[in-house]
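Notes follow the structure.
The values are calculated or read from the model by the stated rules, or taken from the named source; none is laboratory data. None of the values given here were measured: they were computed from a predicted structure. A quick note on method: Cβ atoms are made from the backbone with ideal geometry, for glycine too, and the neighbour counts reach across all protein chains shown.
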Amino acid sequence: MARNTSTSGMEGQLRSPSQKVENKHEEKVQDLDREKDEPKADMGSKTWADLAGEMKIFLWNPEERTCLGRTAKSWGLILLFYFIFYTCLAGMFAFCLYVMLLTLSPYTPRFRDRVSPPGVMIRPYLNGFTIAFNVSQPNTWQPYVDSMHHFLAAYDDKVQEEKNIECVPGQYFIQGGDESEEKKACQFKRSLLQNCSGIEDPTFGYSKGQPCILLKMNRIIGYRPGAGVPVSVDCRVQKGNESHLRSVDFYPGNGTFDLMYYPYYGKFTHVNYTSPLVAMHFTDVQKDYLVPIQCSLNGKGIINDLNSDRFLGRIIFTLSIGK
Amino acid sequence: MEKRAQGGGSQCRGSHKLNFCPISLLQQAVVLRDAEKKELPADQLVVGDIVEIKGGDRIPADIRLIFTQGCKVDNSSLTGESEPQSRSCDFTHENPLETRNIAFYSTTCVEGTATGIVINTGDRTIIGRIASLASGVGNEKTPIAIEIEHFVYLVAGVAISIGVLFFIISVSMRYKILDSIIFLIGIIVANVPEGLLATVTVSLSLTAKRMAKKNCLVKNLEAVETLGSTSIICSDKTGTLTQNRMTVAHLWFDNQIYSADTSEDQTTQPFDQSSPSWTALSKIVTLCNRAEFRPGQENLPIMKRVVAGDASETALLKFSEVILGDVMSIRAQNKKVAEIPFNSTNKFQLSIHETDDPQDKRFLLVMKGAPERILERCSTIMINGKEEPLDSEKAEAFQTAYMELGGMGERVLGFCHLYLPEKEFPETFQFDTDSMNFPSSNLCFVGLLSMIDPPRSTVPDAVSKCRSAGIKSAALIPKRFLLLKTGHCSLSPSTFGTHLSLVQVIMVTGDHPITAKAIAKSVGIISATSETVEDIAKRLNIPVEQVNRREATAAVVNGMELKDMSSEQLDAILREHSEIVFARTSPQQKLIIVEGCQRQGAVVAVTGDGVNDSPALKKADIGIAMGIAGSDAAKNAADMVLLDDNFASIVTGVEEGRLIFDNLKKTIAYTLTKNIAELCPFLIYIIASIPMPIGTITILFIDLGTDIIPSVALAYEKAESDIMNRRPRNKRRDRLVNQQLAVYSYLQIGIMQSVGAFVTYFTIYAEQGFLPSTLLGVRVNWESNAINDFEDSYGQQWTHYQRMYLQWTGYTAFFVSITIQQPIFYFRIGIFFKDIVLVILKMHQLKTNFPFIKMGVSPPDYFLNCLSKDSKNKVIWVGIFSQIGIALILTYGLGHVTALNFTPLRFQYWFVAVPFAILIWVYDEIRKLLIRRHPGSWWDKNMYY
């Protein structure tokens, strides 16, 4: 279009008497242009209607009885082809996975390099790592207490006595024999947690503003923590006033994971295995403050200072106890 | 040039864009104002001014001549024809470009003087209008840009449909809306072929570089491909197809026509020079000639020397210099005593010389001119050195020869001589050219010489390559064999073989129709067997109107006829005739012709050199200018410049352009395949809620890291041997990315690749303790920061970071799997096996006639010979090794940089996807086998791209 206007602009300037001959020639040229431009313009205005029409024909062409450019037969064939194609592909996929799974042991994963050294978790765990309640308002701490009871149900002395055996403390409980043989688990009685067992004080100290928090170490098949020396737990204020955390009691023992609970043999053979726990009784924590606390495992082979993983061998949580 | 355009002031308005304005800042014009002659700068002229020009002047504006004296102008800047044209006050033609009484701005007055009235100045002059015509012609999208756009639409369509589909799925799966939107965006982004732009640019640049080596300067990168899809080449004649230099082409003496060598670098002339008539003729040619070599060119080849003199005399001078050696010394030995120079009234040139034979005291009168005028003055004719009376039979022979030479579009000159009797003209005789005190009739006719601006020697071959070279060989090679080798032919099977016309070459020239037709015939634009309507009429002896136009394959269209044609008529001509010559065309008409060709759906290339070509060059899909002969305007308007003016380079260009298209197709198939392998994991992640199989950064590393070099390497792919035998790509039908290609890449190979990668992914997780069944539906807990005792299939507990690290290992494994499977692509497109298959095929053909025995070559040797002939693309190997190398570096070198999400991978995981790579290859071979076995079948239609 721009071309046409420029041509006609030029024409206008040209019209001088002396140039009649020339103009005649030029007009012819322009006529050609005009004739050419008109269908072009037509095409431009038609496009949308055209497109809609084409689309309609494409969706369903009654003459050739085609839908999306294919007849029923063609569609049938192509769908059949893809059905067979993808079935074969799925078959190949399943076969490859099957062969791969055949090579795996059902009891021990092939590699354990990504899961060790162990991570750490705490209970009660509701929806974060901040434990905040007001002593005077039971509804603020009741969920924590319920969570603790729920979690410790599996550690009831009766249940433990029924399912598990007593082991020799201070040494790994190594069970030889066939891999597929069922392994025995050591008793970890709730009563071992003493003040934090919830037996004497069903509120786990929450009603007194002295909350109990349970710490457990992640299970890793075949892992022997501490290399002969039990792994112990300690807690301190993380980045803050050290005096806010004045005393913590650890149960059982001095906050150690006894060796007899290790190694773990996997959930298929070590069915009744209950992870050993360490209860931390925060008997004197600054009230009305957010106190960030880091509890770490200490022992040989334990890593607790990795920047990228804040749950590896340690755990950071916040205590906020109100009156 | 630029400087001049900037300084051109008002004269140059509107033409800055083109950067040409052929007037010098300091140009002065002699103007008659206020009854006195003034010297004014040319840009101060106004319409109505009376200007005076003389030989050597540039015409300062378009002027109508009111007084002339022997005025000749060189219109080459306008028409491209450098032959000086005489100007007079007579109105001879209603076309201003043809009439004698108008001289145009920017052309040069070669000789004589003239006075004229200014009728147009500045932009309104013819040349100014050509300039604005050229600048007014919009740049249209190149075919490759259209194809890429089509591809982008396709990818965008796929991306958005999948995105929306999965948005709906994720919403109905109760994902949060925000998450669903993130998925939507993620899917769309994953579909973007990030590396494609780089690859396309690199491919185009590489080709441009390759072409620069062959003296094709590509100004517009995308134009490279355009040349490949070109279906019509509109070529200018003078300077493009021809040498733009008058050369002696034929001689006639002793009743016989001899042809002379017209190639660019003639050193000898092969015709029979033993006849005494030739000796006489050569003497006339040498002596009756005022042209001289400029001094100081002794070391240059004769053909390249600069000559002072007009085109015909130059041609004769060079011709005689080549045959006789030192012309100047011959002239010195035959001292000139009198001369009548050529003028347009008597149409001959005459000179009288002493002879070089000291015994012979006679004077030699030599004369040349328009043959009929010369013959009028002759009473005898020289046959084999003897003078014989010129009877009607001999005159008839002369007429036949004259007509024949004239019919070939050549300019014919007659030559005659006379030895003046010694008695009447003693040595001391004073010749007076005004009173003509010597005889100028009853001379002895010696011969004719005809001259033409001959075609460049490379042109006929190039034209035939463009037009038809491939047809025969294409017919010989079975189509399925082509497919086998390429798998990527741009032609669809149904159209192959039905329509084999290749690139059409049309001549568009400002020259005379007869000359144009002769040149067209000699370069093969009009083939030897084809006829125009006029030829048929002549042969059948019927009026032109009665001839069935469809029978005539060739057409010569005059500019005057073109002027009266409607665009429908022009379309009809372009449709009905395959061999067309347009003669006497104006710049505007060139434009119209190009537009007409484009209306036929053709991709049009225009070659030209003059200012007059520049609008057409600009309008064409690809404009090709001549580098040496070309004017700056033409070069500016063109997309490509042939630096050595070699028309044959166009053929190279066509080949390169087609190659680029093929290679881009390969690149895109390569890119699309991998795109699906990047997209699939994301879709599965949404649907099955498994841990993310591949991360965004990893995808970027595939697209911009490992895959760039291989896809660029595809640009180095050599051309298939049939590349020039194919029909030009049909703009509308043969797309860069068609449905089959997309479906094949997306739904078949892409999916296979993804499945292969998923096997690796599941293997990694299973071997670390997460069996596939555990992984399904874990997404929310898996990604939760708070859950640090996430239990695996074996009862082990994982912290969040440990899981993430495992996830990155999964990314790396997925990445490695794709990287391992991608090179299979090279096998797929048959790069490695192409040669072997070729050899097997040849061996198969040869089984019947045992050529090994005939040739004395053992089969293994033959095998190797065949292999080395098609040298393999070494860059492909670079591509493969770089791909694996980069993957190794990323995995093991950068595996500890957590931000990149790569982890060092166990060695065995590199090979998990190999069975799938093999599966892909086998599948593709089966696909190709079935296509070959069952051409035209359902399989062929759906699986061939």
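Restricting attention to the range B:360-400, and to residues there that are of a type in the set (Gly, Ala, Ser) and in contact with a helix residue (DSSP H, G or I) (Cβ under 9 Å, 6 or more places away or on another chain), which single residue is farthest from B:LYS521 (Cα to Cα)? Per the stated criteria, the residue is B:GLY385.
Inspection of the range A:201-212 identifies at least one residue that is under 27 Å from A:PRO117 (Cα atoms), assigned by the TED database to the domain that holds A:ASN134 and at pLDDT 90 or above.
For (1) among the hydrophobic types (A, V, I, L, M, F, W, C); (2) over 30 Å from A:ASN139 (Cα atoms), each residue gets a yes or a no:
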position	(1), (2)
A:GLU182	no, yes
A:ALA185	yes, yes
A:SER191	no, no
A:CYS196	yes, no
A:MET217	yes, no
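Mind checking which residues of the range A:118-139 are part of a loop (DSSP other than H, G, I, E, B), within 10 Å of chain B (Cβ to nearest Cβ) and under 20 Å from A:PRO276 (Cα atoms)? Scanning the range A:118-139 gives A:PRO118, A:TYR125. Cβ-Cβ distances below 7 Å connect the following pairs, each with a first residue in the range B:891-904 that is touching a residue at least 12 places away in the same chain (Cβ under 8 Å), a second residue that is part of a loop (DSSP other than H, G, I, E, B) and among the aliphatic types (A, V, I, L, M), and a separation of six or more residues or different chains: B:THR891/B:LEU905; B:LEU900/B:LEU894; B:PHE902/B:LEU894. For B:LEU679, the test of being hydrophobic (A, V, I, L, M, F, W, C), within 21 Å of B:GLY810 (Cβ to Cβ) and surrounded by 23 or more Cβ atoms within 10 Å (Cβ to Cβ) is passed. Checked against (1) more than 11 Å from chain A (Cβ to nearest Cβ); (2) surrounded by 14 or more Cβ atoms within 10 Å (Cβ to Cβ); (3) among the aliphatic types (A, V, I, L, M), B:ILE926 passes all but condition (2). Looking at A:ILE321, is it under 14 Å from A:GLY119 (Cβ atoms) and assigned to a strand (DSSP E or B)? No: the conditions fail for A:ILE321. Only one of the listed residues (A:ASP234, A:ASP178) is closer than 13 Å to A:ASP249 by Cβ, away from chain B (no Cβ under 14 Å) and either free of Cβ contacts under 8 Å to residues at least 60 places away in the same chain or not in a loop (DSSP other than H, G, I, E, B) (or both). That residue is A:ASP234. Among the residues of the range A:297-317, those that are within 13 Å of chain B (Cβ to nearest Cβ) and in a strand (DSSP E or B) comprise A:LEU297, A:LEU312, A:ARG314, A:ILE315, A:ILE316, A:PHE317. Looking across the range B:137-155, just one residue is free of Cβ contacts under 8 Å to residues at least 12 places away in the same chain, touching a helix residue (DSSP H, G or I) at 6+ places or on another chain (Cβ under 8 Å) and either within 11 Å of chain A (Cβ to nearest Cβ) or assigned to a helix (DSSP H, G or I) (or both), and that is B:GLY138.
For the range B:400-423, residues that are under 52 Å from the mean Cα position of the chain (by Cα) and surrounded by 14 or more Cβ atoms within 10 Å (Cβ to Cβ) total 15.
One line per residue, one yes/no per condition, for (1) assigned to a loop (DSSP other than H, G, I, E, B); (2) modelled with pLDDT of 85 or more; (3) farther than 23 Å from B:ILE519 by Cβ; (4) more than 15 Å from the chain's Cα centre (by Cα):
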site	(1), (2), (3), (4)
B:ILE592	no, yes, no, yes
B:THR607	no, yes, no, no
B:ILE624	no, yes, no, no
B:ILE628	yes, no, no, yes
B:ALA633	no, no, yes, yes
B:ASP645	yes, no, no, no
B:SER649	no, no, no, no
B:GLY653	no, no, no, no
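Considering every residue within the range B:897-920, establish whether at least one is assigned to a loop (DSSP other than H, G, I, E, B), more than 29 Å from A:LEU97 (Cα to Cα) and at pLDDT below 85. The answer is yes; a qualifying residue exists.
Residue by residue, here is whether (1) surrounded by fewer than 24 Cβ atoms within 10 Å (Cβ to Cβ); (2) more than 14 Å from chain A (Cβ to nearest Cβ); (3) of a type in the set (D, E, K, R) holds:
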| site | (1), (2), (3) |
| --- | --- |
| B:ALA537 | yes, yes, no |
| B:GLY559 | yes, no, no |
| B:LYS563 | yes, no, yes |
| B:GLU579 | yes, yes, yes |
| B:THR585 | no, no, no |
| B:VAL611 | no, yes, no |
| B:SER631 | no, yes, no |
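When A:TYR264 is tested against (1) at pLDDT below 90; (2) hydroxyl-bearing (Ser, Thr, Tyr); (3) more than 14 Å from A:ASN195 (Cβ to Cβ), exactly one condition is not met: (1). A single entry from B:LEU206, B:LEU196, B:LEU165 fulfils the requirement of being in the same structural domain as B:ASN675 (by the TED database) and either in contact with a Ser or Thr (Cβ under 9 Å, 6 or more places away or on another chain) or of a type in the set (D, E, K, R) (or both): B:LEU196. Considering the range B:175-191, and only residues there that are closer than 19 Å to B:VAL158 by Cβ and in contact (Cβ under 8 Å) with a residue 60 or more places away in the chain, the residue that is surrounded by the most Cβ atoms within 10 Å (Cβ to Cβ) turns out to be B:ILE187. Scoring B:VAL743 on the criteria (1) surrounded by fewer than 23 Cβ atoms within 10 Å (Cβ to Cβ); (2) among the hydrophobic types (A, V, I, L, M, F, W, C); (3) modelled with pLDDT of 90 or more leaves a single failure, condition (3). Against the condition surrounded by 23 or more Cβ atoms within 10 Å (Cβ to Cβ), of a type in the set (Val, Ile, Thr) and touching a strand residue (DSSP E or B) at 6+ places or on another chain (Cβ under 8 Å), how does B:ILE650 come out, does it pass? When the stated conditions are applied, B:ILE650 passes them.
You will find that of B:ILE340, B:ILE352, B:ILE323, B:ILE330, the residue that is under 22 Å from B:GLY55 (Cα atoms), touching a residue at least 24 places away in the same chain (Cβ under 8 Å) and of a type outside the set (Gly, Ala, Ser) is B:ILE340 and no other.
Considering the conditions (1) in a helix (DSSP H, G or I); (2) more than 14 Å from every other protein chain (Cβ to nearest Cβ); (3) surrounded by fewer than 18 Cβ atoms within 10 Å (Cβ to Cβ), B:ILE684 is excluded by exactly one of them, (2). Within the range B:60-117, being assigned to a loop (DSSP other than H, G, I, E, B), more than 23 Å from B:ALA131 (Cβ to Cβ), under 38 Å from the mean Cα position of the chain (by Cα) and touching a residue at least 12 places away in the same chain (Cβ under 8 Å) holds for B:GLU83, B:PRO84, B:ARG100, B:ASN101.
Scanning the range A:274-296 for residues that are in contact with a helix residue (DSSP H, G or I) (Cβ under 8 Å, 6 or more places away or on another chain) and within 14 Å of chain B (Cβ to nearest Cβ) returns A:THR274, A:SER275, A:PRO276, A:LEU277. Scanning the range B:905-940 for residues that are charged (D, E, K, R) and either in contact with a strand residue (DSSP E or B) (Cβ under 9 Å, 6 or more places away or on another chain) or free of Cβ contacts under 8 Å to residues at least 24 places away in the same chain (or both) returns B:ARG906, B:GLU925, B:ARG927, B:ARG933.
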